[in-house]
Ligand SMILES: [Zn+2]
Ligand SMILES: [Zn+2]
């Protein structure tokens, strides 16, 4: 593969948005060192913020359970107190979201019973089972059947254009929106009332199942069809982790959709296993997957605060087998996938929400950003032609190895 990989450098161009973001982050670091804002200053600042919010909490909690009040009132302790003294707003309409005083029972506009605000559903407890459907003429039941000569030839020939790729992204987006809409309706959620972490949890659950873990050092991981996340972390770290793991899910989903199109087959656990195998059998694809997730994370949070450990580990392992140029091309492919994933996620996580994430980050974060690592980021992406070639390389090489690793595929499928 190395020879073909090198050829891809012909198709590279700069990702101006990413380099701009990194330049901005680096400029911030220079400014910060001028002001000599030491960690102590920062902690002091954080402490002040914490104290402020503590005062406010104590003020209002004496009167009314803070969470039981509508969000627009939560911001303003004084209004809150007068409302709570009147003991009025305790209900909401599950359909239109309007708030009602305790004495009301129905929303006459929507003709539904009102619910108690305090009974509002906890987003982290919702069990979702989001569906991404691809329907095709073929429904393969075994790895032997799907990896037959004819199908492998279809991969080698690769009749797949950038327009087909756009259609894949569109499909994924449309299904995610449908899943999201169902989740909100089924659980009678008032989206605007949610905080930023709850919103991100809900979006994530529109793509993939989310479960919680409270063991081990990992912040979270994605495995086959579920994201596991440690909810002992700060809100901003949970947001970062969800977006990172969601990127892993999406790169796998993109490959599944491409395979289903090429083979005109339905999506099932056989295709899903193949995509998972392709992304994990070799450091080459592991790095693409990891660099892409890492990059998406940076776009939605703040560059300089990402955890670089997962891909530096792979990078170190790769140095023996691959040249530095090869590794840079691998990152370039990861960057290009990251753009697609960003496009999918941005349709849900709009500009305001991205600002809310950054705000949450500045509230939680106590570590200084890692600017040294930032200087080493790769800001190159592939043009359309190069990207199609890269996808072809990944699938062609991956499926060739897969066809002689049936036992391994079966082990992955069982998980
Ligand atoms: Zn209503
Ligand atoms: Zn990762």
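Key figures
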item	result
Contact order relative to length of region 243-291, as percent, for alpha carbon pairs under 8 angstrom and 6 or more apart	35 percent
Extended-chain gain in nm, criterion 0.36 nm per residue less alpha-carbon gap, residue 14 and residue 150	45.2 nm
For region 166-212 versus region 106-156, the gap between their alpha-carbon centres in whole angstrom	11 Å
Length added when fully stretched, residue 105-residue 135, from 0.36 nm per residue minus Cα-Cα	6.3 nm
Contact order normalised by residue count of region 258-355, Cα under 8 Å, 6+ apart, percent	31 percent
Residue 98 paired with residue 226, simple spin-label distance in nm, labels 7 Å along Cα-to-beta-carbon	4.2 nm
Spin-label zone in region 279-309 - amide nitrogen under 17 Å from a point set 7 Å from the Cα of residue 396 along the C-beta vector	285
Efficiency of FRET from Cβ geometry, residue 214 and residue 28, R₀ 35 Å, rounded to 0.05	0.50
Sites residue 119 and residue 269, calculated FRET efficiency, Cβ-Cβ separation with R0 35 Å, nearest 0.05	0.40
Sites residue 353 and residue 404 - FRET efficiency at Förster radius 30 Å, r taken between beta-carbons, to 0.05	0.10
Gain on full stretching of the segment that runs from residue 158 to residue 88 - 0.36 nm per residue minus C-alpha separation	18.8 nm
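Values quoted throughout were computed directly from the atomic coordinates according to the rules given, and no laboratory measurement underlies them. Small disclaimer: the values here were computed from a predicted structure and weren't measured. No Cβ is skipped: glycine too gets one built from the backbone with ideal geometry, and neighbour counts run over all protein chains shown.
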